[in-house]
Every structure is written in C-alpha cells, then in structure tokens.
Amino acid sequence: MTNPVLVEVLRGGLVESAHRGALAVFDADRQSVWEVGDTTRPVFPRSAVKAIQALPLVESGAADAYGFGDRELALACASHNGEAAHTELARSMLVRAGLSETALECGAHWPSYQAATVALARTGAAPTGLHNNCSGKHAGFICVCCHAGVDHRGYIGAGHKLQEMVREAMEDVTGAAHGPGNRGTDGCSIPTYAVPLKNLAIGFAKMATGQGLSTGRAKAAKRLFAACMAEPFYVAGTGRADTALMQAAPGRIFVKVGAEGVYCAAVPELGLGIALKCDDGAGRAAEVAISEVLASLFIKDEALAARLTELANPVLTNWNGMTVGSSRPTAVLSWIGR
C-alpha cells in the first residue's frame, strides 16, 4: 500500500517537495476514528513514547521519593533543547539520587538549540550527557533503579531490570509485542521497538483516559500527561513544535515528537490517541501534519482551530528574511466532511 501525500512544501507558489505518510486516530476501546494510509505497518516510535517509558518512574514510587514535581516529570518525558534550564534540572534529578551526570549512559551531544550551543562553546567546555536531548528520560531511569535498589549500571541494555519494566509498560499500554524480533537501538542507546501506528494511537488514548489500564497505571499516566501539559517548555524548549502546540491549548493537548518523522499525541477531552509517521522521516512534515490533525479535531473551537491551522501552515524564509515559500497539509488531513 502506497501512503498518500500528507504535506507539501512550496517554493514560489509551486510544490517543491511532498511527504507521504500514515495517520491513526483511535479511542481507548480500540475503535478507529480516523485512519489515513497503512496504519498496520510497524514503525519505530523512537522518542514519541517517552511518556509511556516514564511510567515506572511514577509507579515505582521513585518520583515521590525524590520529590519530583511537574517539571521533573515533564523532563523525564522530554526530548529537550539542552538549554540551561533543561540541563540543570536533569542534574538536580541525579543529585537527589546521590549521583552525577557520569551515571548517564545516553551519550553526549551539543545542545539542539543553537543559542545554547554557542553559550556552551564560549565557555570552552565540551557537552556532557546532560546536554543529550534524552538526559531527563535517562535521569528518570536511573532514579527508578536507585529507588528500587537495582544496580543502575548498564541500565540501557535490553536485559536490564529497568528495561524489562519499560518493556512491560509498553506492551501493556500499546497491546503490541515488544521482543527481539522487532527491537532496534535508539539514538540514546536504549531499546526501541517497531509497532503499528494503530497500536500507538490506542496506547495514547488509554494513557489519556485510563481505560484498559490498572488503577495505579491510569493514575501514573494521568500524572505524567498533566505534568507535560503544565510544563511544556521542559518537554522540548524554545522554538519547538511540541512546546508551541501544548501552549496553544493549555491542559487540552499532549504531543510528543519522535525521530524520523513520528508524532504521538492525545486529546484527553475527546478520549483520543493519535500517531503518525512521515515515510521519509522528515520532521518538518510531521510537525505540519500533527498540527493540522489537531486543528481538524478541534474544528468546533474556532479560536483554537485557527491557531493550530496557523502552526500547520508555516511560512518559509531564507537567511535574508525573505519569504520564499511555505509548507501546507493536504486535504487528506482535513476532518471537515468526515
């Protein structure tokens, strides 16, 4: 099955590039609400499922034991910019467990946010694991180990107790098998598993509603979503789509980007979970697509739909600030008439 074009990129009024992909919108009863393209083909969700991976942090009691609030929980679900506020919070999470950044096994890279990279370079220092966009997630993993009395060393390995906890949560929430046959290695070195988009959408609907989850897991899911929606800066950062989308509708939208053109989202008031993938892995297209999907779902809220539509149709400028084109969703992403 060839997936349809979801997003077009224009230059001078002409289509210069086109991005194909698939979309799944489901409710917690596993009922399809809206599907575009092949939603049964397994995809690696990558960082889009960090909120599910963070469930053990709350369920184990580690979050409460270390006094974590909304910002820490949001950072545990984040792919952050590496801005100072992000790195310092990740450091403080580790300090509460009696450790430092040397415990991180995610690897180091320069901050994703250019201003943060320039500021760090001016000091003459090199980036550490704290600057890795996944350092909050990894700090959360380490805190689970320390609270549970499990040796945190090697926590990134598929056979480590921590990753077994994460895998169990992923299987329970998505209803999809997570095993050696569909396992890969993520950019931050932990296991990542390829599962169908429809399962991811169902999983996020379950996270948003608590349906199909144990009482404790439902409470943990609600707490993590609430934290991310309350502190969207700590989920991403300055200039990031995740932050802008959640700020557009405080407490009403949860979104999380994944590498290679993936997005997962939830609309708690509608009881819906969303998952999409752009076939070519283009992040710019995924941002347009998820913005348009949300605009369509909120079509009855004119003000919010207008803001989301604006985000779904970004203007492209060059280094001189000249408008050179735009990106736009195609008609297959419109809810109108469905």
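The values are calculated or read from the model by the stated rules, or taken from the named source; none is laboratory data. What you see is a predicted model, and the numbers here were worked out from it, not measured in a lab. Here Cβ is always computed from backbone atoms with ideal geometry, including for glycine, and neighbour counts include all displayed protein chains. Side chains are part of the model used for accessible areas, which takes the heavy atoms of the whole protein and leaves out ligands, DNA and RNA. Shrake-Rupley method; radii C 1.70, N 1.55, O 1.52, S 1.80 Å.
For the peptides 112-120, 12-20, 46-54, the ranking by packing is 46-54, 112-120, 12-20, with the highest mean count of neighbouring Cβ atoms within 10 Å listed first. In a GNM of the chain with a 10 Å cut-off on Cα contacts, which of Gly67, Gly129, Gly37 has the highest mean-square fluctuation? For the chain, modelled as a Gaussian network with Cα springs under 10 Å, the answer is Gly67.
Less than 5 angstrom separates the built amide H of Gly21 from those of Leu6, Asp279, all sequence-distant by 5 or more or on a different chain. Summarised in one figure, the compactness ratio Rg/Rh of the range 38-175, Cα atoms and Kirkwood Rh, is 0.99.
Taking amide H as placed 1.01 Å from N in the peptide plane, the amide H of Tyr193 sits under 5 Å from that of Arg46, Gly184, each at least 5 places away or on another chain. For the range 126-270, the calculated P(r), taken from all Cα-Cα distances in 5 Å bins from zero up to the bin holding the longest distance, is 2, 9, 15, 20, 23, 19, 9, 3, 0, 0 percent. The phi torsions of the range 70-76, fed into the Karplus equation with coefficients 6.51, -1.76 and 1.60 and a -60° offset, translate into couplings of 4, 5, 5, 5, 4, 5, 5 Hz, rounded to whole numbers, with Gly and Pro shown as x. Spin-label model, Val118 to Arg30: label points 7 Å out along the Cα-to-beta-carbon direction sit 5.3 nm apart. Summarise the accessible area of the range 5-333 (1.4 Å probe, protein heavy atoms) by the percent that is carbon and sulfur. Answer for the range 5-333 is 51 percent, counting heavy atoms of protein chains only. Please determine, in degrees from 0 to 90 and to the nearest 10, the orientation of helix 161-174 with respect to the longest principal axis defined by the Cα atoms of the chain, where the helix direction is its Cα long axis. Rounded to the nearest ten degrees, it is 30. For Met170, the solvent-accessible surface computed with a 1.4 Å probe is close to 10 Å², ligands and nucleic acids excluded. The residues of the chain expose on average 40 square angstrom of accessible surface per residue, using a 1.4 Å probe on protein heavy atoms.
Evaluating 6.51 cos²θ - 1.76 cosθ + 1.60 at θ = phi - 60° for every residue in the range 227-233, the Karplus couplings come out as 5, 5, 6, 7, 10, x, 4 Hz, glycine and proline recorded as x. Partner aspartates and glutamates whose Cα lies under 12 Å from the Cα of Lys219, excluding those fewer than 8 positions away in the same chain, are identified as Glu59.
For the range 1-95, state the semi-axes of the equivalent ellipsoid (square roots of 5 times the eigenvalues of the alpha-carbon gyration tensor), sorted largest first and rounded to whole angstrom. Values for the range 1-95, descending: 36, 22, 10 Å. Compared with the dominant Cα axis of the chain, that is its longest principal axis, helix 84-96 is turned about 30°.
Listed cross-link partners Lys137/Lys256; Lys222/Lys256; Lys198/Lys277; Lys206/Lys300; Lys256/Lys277; Lys50/Lys277 are compared with a 19 Å cut-off, the Cα-Cα value being larger for Lys206/Lys300. Here the gap between Trp110 and Ala303, fully extended at 0.36 nm per residue and compared with their Cα-Cα distance, gives a gain of 65.7 nm. Evaluating 6.51 cos²θ - 1.76 cosθ + 1.60 at θ = phi - 60° for every residue in the range 43-51, the Karplus couplings come out as 9, 7, x, 6, 6, 5, 9, 4, 5 Hz, glycine and proline recorded as x.
Is the shape of the chain best called rounded, prolate or oblate, per the rule: a/c under 1.5 gives rounded, else a/b larger than b/c gives prolate, else oblate, with a ≥ b ≥ c the square roots of the Cα gyration tensor eigenvalues? Oblate. If you plug the beta carbon distance of Glu310 and Asp70 into 1/(1 + (r/R0)^6) with R0 = 22 Å, you get a FRET efficiency near 0.20. Each Cα pair under 8 Å and six or more residues apart adds its sequence gap; the mean of these over the residue count of the range 5-333 is a relative contact order of 25 percent. What angle do you read, to the nearest 10 degrees and between 0 and 90, between the alpha-carbon axis of helix 302-311 and the longest principal axis of the chain? Taking the Cα atoms of the chain, the angle to 302-311 is about 80 degrees.
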